[in-house]
Amino acid sequence: MRERTLTIIKPDAVSSKNIGKTLSRLEKENFNILGIKWIHLTTAQAQGFYHVHRERPFFPSLVRFMTEGPVVVMVLEKENAIADLRRVMGATDPAQADPGTIRKDLGTNIERNAIHGSDSSQSAEDEIGYFFSKMELV
Ligand code: ATP
Ligand code: MG
């Protein structure tokens with residue numbers, strides 16, 4: 001089934017000049033880009049985005065990290081986009097991620113892990129709606 005998912009090239013990957021590497025990895029995996037935005041998240045926007053984690057001990061640090069610099073937010077589409085993106089990203093902790101995954105190659109630690117991907121069809125729908133209107137997806 002053709003699916004949509006949301007990805008964010010996180011501030012660590014942007015500041016280390018890894019936007020291009022990330023995009024070519026995603027293009028190689030055959031994702032279509034339906035929408036793309038260059039955003040510097042505010043604290044409120046980052047808190048809202050990671051709302052499900054608000055009670056976690058790492059939440060304040062995560063919000064600081066996600067607001068430290070600009071990010072690239074994209075809506076991606078392909079067959080099985082949600083699971084495929086998670087596979088290409090690798091495990092949350094780059095040290096545990098499989099060889100060849102984006103997080104293994106570009107991540108630094110469990111927080112500074114280069115890329116976000118929606119984890120379910122519900123979160124994909126919610127996260128796409130958080131950043132994009134219907135008209136912006138082409
Ligand atoms: P994401 O939602 O960003 O795609 P994920 O689904 O692999 O990542 P989550 O459990 O949703 O992982 O955590 C969201 C983000 O919070 C992680 O990507 C990471 O940046 C940060 N994070 C998760 N666990 C920890 C931790 N134990 N310590 C510090 N930061 C963490
Ligand atoms: Mg997650």
Semi-axes a, b, c in Å (a largest) for region 1-65, each sqrt of 5 times a Cα gyration tensor eigenvalue, come to 25, 16, 11
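I'd like to compare 48-55, 31-38: which one has the highest average count of other Cβ atoms within 10 Å, and what's the full order after that? It would help to have the intermediate numbers written out before the result.
Numbers: 48-55: 13.0, 31-38: 15.4.
Those peptides, ordered most packed to least, come out 31-38, 48-55.
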At the level of C-alpha centres, the distance separating region 1-58 and region 101-123, in angstrom, is 8 Å
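For the chain, calculate the relative contact order in percent as a whole number, restricting contacts to Cα pairs under 8 Å that are 6 or more residues apart.
Values: 235 pairs, mean separation 52.1, N = 138.
38 percent.
Any chance you could tell me what percent of the C-alpha pair distances in the chain go past 22 Å?
Distances greater than 22 Å cover 32 percent of the Cα pairs.
Any read-out appearing in this document is the output of simple, stated calculations on the displayed coordinates, not a laboratory observation. Here the structure is a predicted model, which is why all the values come from computation and not from measurement. Backbone-built Cβ (ideal geometry, glycine too); neighbour counts: all protein chains shown.
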